[in-house]
1. Antiparallel DSSP bridges in the stretch 6-193: what percent, to the nearest 5?
2. So for Arg21, Arg137, Arg171, fewest C-beta neighbours within 10 Å to most, what's the order?
3. In Å³ and rounded to a whole number, note down the convex hull volume per residue for the Cα atoms of the stretch 6-193.
Amino acid sequence: MIGSSTAAEDRARRLAEWYRRRAPRLRRCAAAALRRALGEWPLHEAVVLGLGSEWLERRAAPLLLDLHDWGLDAAHLPLPLDSGGCDGVVLLHALDLAADPHGLLREAGRVLRPGGYLIALGFNPFSPYGAWRLLRRAAGRPGPPWNLGFLAPLRINDWLRLLGFTPLCVRGAHGLAGGAALLDNVYLLVAHKRPEALTPLRPARRRLRAVPLAVRPTAHRAA
């Protein structure tokens, strides 16, 4: 595992354990939605942040770098990657887990080359889970996953637009799309990093001047 952060590792570990014990069916649905998205927008050199690449099939991204919990704590930003070094970034609850989700998105945009795709999976605050999260927190019993970020996908899309992305879709883990996806407990969103707008420079037009043939060239005066 790249990087070491006790707090980040603990949050990710407890969320993974919650999925395994309390919500295995939801995990299967979310993983299936992720596989469908990777079928539509295939990646070749992908970075995975959050719960780890065990959610992915290796054939979905042959050159896949699993940074797992790196970047979930603000102290571990920037990411240890070159700018524009990959064509895909997959955030598996990374925004829910991150101490600085906007900073993490900004870093994802930096390491993603123009034309690449960002795929994010997270908990929806406007779902039944979101309402239950409020009740648990009010009762002083947050626990995982109710103590996580629960960022609204529409808010994330607003951030992405400012970072040079075009949001493509928001879906629910159970296959819901459109407005219905905003009620699903887990969302999946896909965004495309806009290609850089390169404006070619026009060569300056040179005016041709007529030189009188009768004029004799003079030697350059020594400096």
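1. Looking only at bridges with both residues in the stretch 6-193, the antiparallel portion is about 50 percent.
2. Arg21, Arg137, Arg171
3. 105 Å³
Quick note: the coordinates plus some simple rules give every number you see, no bench work behind them. All values derive from a computational prediction rather than experimental measurement. Cβ: placed from backbone, ideal geometry, glycine included. Neighbour counts: every protein chain shown.
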